[in-house]
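Single-structure report; data block below.
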Amino acid sequence: MLCVPVSAVTQAQGAFNNETQSTLQKVIADYQFQFRNIRETVLRNNPPIVQYASKVKIADAVSCIVSESARSNSGAYSWECLVLRTSDHAAASRKYKELFDQINNSIIRIEGEKSFILNGSPSISSESTSSYFHLLPAIGVFQKLEVKLSMQKENQIWVINLTVRDREDLMASN
């Protein structure tokens, strides 16, 4: 049984700032612009999906990409960071908990908008753990935004991903 103890961390407004939160703030701010400002060079152009290197990255991540998909009329955009790949379950669990604690209840400030709080809780199974974070209060274009932190086992390797994308896009891909 996968066991990842996760405690909810409540932070005082303005006192919470770390590199993960800072990175997510940049990504979330650019969500309303389909991540155009954080795209770098094209990595893959395989219609209907184009993948770009991301200018914004989590420290020590394996890779961070921005994807654009022409699956729908309006397009679907996502930012995904492959944070860790390891065969060591304990190391993966520690990293997942560290990231969860850095993200949960963090304050996101976007110019011209009220401050948001990222709030989520983990869902745990034997070979995966996922946390979906929502912006509170969610207003305007940010109502569709969802941040997902996941840890899953793939062929004896534990993989941790951090993703920002439309909630509707998540539902369509599941």
* Is it fair to say Ala53 is small (Gly, Ala, Ser), without any contact (Cβ under 8 Å) to a residue 60 or more places away in the chain and under 20 Å from Asp166 (Cα atoms)? -> yes
* Asked: Given the conditions (1) part of a strand (DSSP E or B); (2) surrounded by fewer than 16 Cβ atoms within 10 Å (Cβ to Cβ), which single one is not true for Arg165?
  -> (2)
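Are any residues in segment 27-50 part of a strand (DSSP E or B) and buried (at least 20 other Cβ atoms within 10 Å of the Cβ), and if so, which ones? Reasoning before the result, please.
Within segment 27-50, the subset part of a strand (DSSP E or B) is 39-46, 49-50.
Answer for segment 27-50, where residues must be part of a strand (DSSP E or B) and buried (at least 20 other Cβ atoms within 10 Å of the Cβ): just Arg39.
So for segment 136-147 (the condition being among the aromatic types (Phe, Trp, Tyr) and in a strand (DSSP E or B)), does at least one residue qualify?
Looking only at segment 136-147, we keep the residues that are among the aromatic types (Phe, Trp, Tyr), and these are 142.
Keeping just the survivors that are in a strand (DSSP E or B) gives none.
Looking through segment 136-147, none of the residues is among the aromatic types (Phe, Trp, Tyr) and in a strand (DSSP E or B).
Which one is surrounded by the most Cβ atoms within 10 Å (Cβ to Cβ) among residues in segment 95-133 that are out of contact with any Pro (no Cβ under 8 Å at 6 or more places or on another chain) and under 15 Å from Lys153 (Cα atoms)?
Let us first name the residues in segment 95-133 that are out of contact with any Pro (no Cβ under 8 Å at 6 or more places or on another chain), namely 95-96, 98-99, 101-113, 115, 117-128, 132-133.
Within this subset, residues satisfying the condition of being under 15 Å from Lys153 (Cα atoms) are 95-96, 123-128.
Values: Lys95: 18, Tyr96: 24, Ser123: 11, Ile124: 15, Ser125: 10, Ser126: 9, Glu127: 11, Ser128: 15.
Applying the filter and picking the extreme gives Tyr96.
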* **Failed item in (1) under 16 Å from Asp166 (Cα atoms); (2) modelled with pLDDT of 95 or more; (3) among the small types (Gly, Ala, Ser), with Ala91 passing the rest** => (1)
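Look through Ser72, Ser78, Ser22 and report the one residue that is buried (at least 20 other Cβ atoms within 10 Å of the Cβ) and either at pLDDT below 95 or touching a helix residue (DSSP H, G or I) at 6+ places or on another chain (Cβ under 7 Å) (or both). Don't jump to the end; show me each part of the working.
Details: Ser72 fails: buried (at least 20 other Cβ atoms within 10 Å of the Cβ); Ser22 fails: buried (at least 20 other Cβ atoms within 10 Å of the Cβ).
Unique residue meeting the criteria: Ser78.
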* Asked: Here are some conditions: (1) of a type in the set (A, V, I, L, M); (2) over 21 Å from Phe142 (Cβ atoms); (3) in contact (Cβ under 8 Å) with a residue 40 or more places away in the chain; (4) not in a strand (DSSP E or B). Leu82 meets all but one. Which one does it not meet?
  -> (4)
* Structure fact -> In segment 96-115, anything touching a strand residue (DSSP E or B) at 6+ places or on another chain (Cβ under 9 Å) and of a type in the set (S, T, N, Q) is listed as Asn104, Asn105, Ser106, Ser115
* **Sole residue being touching a residue at least 12 places away in the same chain (Cβ under 8 Å), in contact with a helix residue (DSSP H, G or I) (Cβ under 9 Å, 6 or more places away or on another chain) and more than 17 Å from Asp30 (Cβ to Cβ), chosen from Ile117, Ile124, Ile107** => Ile107
* In segment 134-159, the residues that are surrounded by 16 or more Cβ atoms within 10 Å (Cβ to Cβ), out of contact with any Ser or Thr (no Cβ under 9 Å at 6 or more places or on another chain) and within 26 Å of Ser93 (Cα to Cα) -> His134, Leu135, Leu145
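I'd like to check something: does segment 28-48 contain any residue that is closer than 25 Å to Gln152 by Cα and among the small types (Gly, Ala, Ser)?
No, segment 28-48 contains no residue that is closer than 25 Å to Gln152 by Cα and among the small types (Gly, Ala, Ser).
The values are calculated or read from the model by the stated rules, or taken from the named source; none is laboratory data. Keep in mind it's a predicted model, so treat the numbers as computed, not measured. In this analysis, Cβ positions are derived from the backbone assuming ideal geometry, glycine residues included, and neighbour counts consider all displayed protein chains.
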